[in-house]
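Here is the structure we will look at.
The values are calculated or read from the model by the stated rules, or taken from the named source; none is laboratory data. Computed from a predicted model, the values in this text were never measured in an experiment. Note that we place each Cβ from the backbone using ideal geometry, even for glycine, and neighbour counts take in every protein chain shown.
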Amino acid sequence: MACAGFKISNPDITNRQYLRFAGTDSQRASDFQNLATGAIAAPKLLLGVRGGYGAMRILPMVDWTTLGRIMKERGTILAGFSDVTAIQCALLAKGSMSSLAAPMLYSEFGKTAPDQISCRQFAEALTDSHLTITIQDASLTVSNCLP
């Protein structure tokens with residue numbers, strides 16, 4: 001993340017492990033709940049570390065409505081893909097909080113030589129309030145579909 005001008009404020013979380021997860025379900029849910037209650041300050045960016053399937057296990061354990069409100073108030077951005085999508089959907093559905101489908105800490109930025117274009121574009125997406133993405137041909141067609 002240094003390539004994009006950010007620093008990791010809680011690196012210990014990346015070393016937690018329970019089975020194949022980044023901690024127990026209650027530990028991982030507590031990370032989000034502590035943000036919602038203000039027990040820990042919300043950072044400007046919540047970035048997924050890696051994918052998997054464990055996020056769905058904590059969905060019922062978090063107050064997504066309150067977390068979405070707090071994140072909006074503090075300007076916190078959630079970014080990631082894969083398993084993080086479950087958390088993004090919960091925040092959108094319950095907290096009206098949008099997020100970014102973006103590279104994650106381990107899968108992209110944790111590489112020995114992170115892709116500099118990805119780093120630059122990710123930093124721009126987070127910091128450039130006037131960033132616009134133009135899709136020249138947005139028409140979608142489907143052919144050869146079964147009835």
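Just checking, does segment 57-65 include any residue being modelled with pLDDT under 90 and within 20 Å of ASP12 (Cβ to Cβ)?
The answer is no; no qualifying residue exists.
In segment 62-110, what residues are more than 13 Å from the chain's Cα centre (by Cα) and not in a helix (DSSP H, G or I)?
Passing the criteria: VAL62, ASP63, GLY75, SER96, GLY110.
Give me the pairs, please: first residue somewhere in segment 86-114 and touching a residue at least 60 places away in the same chain (Cβ under 8 Å) and farther than 20 Å from ALA125 by Cα, second residue anywhere and assigned to a loop (DSSP other than H, G, I, E, B) and not small (Gly, Ala, Ser), beta-carbon distance under 8 Å, and either six or more positions apart or on two chains.
Listed by first residue and then by second, the contacts come to nothing, as the list is empty.
When only residues in segment 88-110 that are aliphatic (A, V, I, L, M) and touching a Ser or Thr at 6+ places or on another chain (Cβ under 8 Å) count, which is surrounded by the fewest Cβ atoms within 10 Å (Cβ to Cβ)?
Among residues in segment 88-110 that are aliphatic (A, V, I, L, M) and touching a Ser or Thr at 6+ places or on another chain (Cβ under 8 Å), the one surrounded by the fewest Cβ atoms within 10 Å (Cβ to Cβ) is ALA101.
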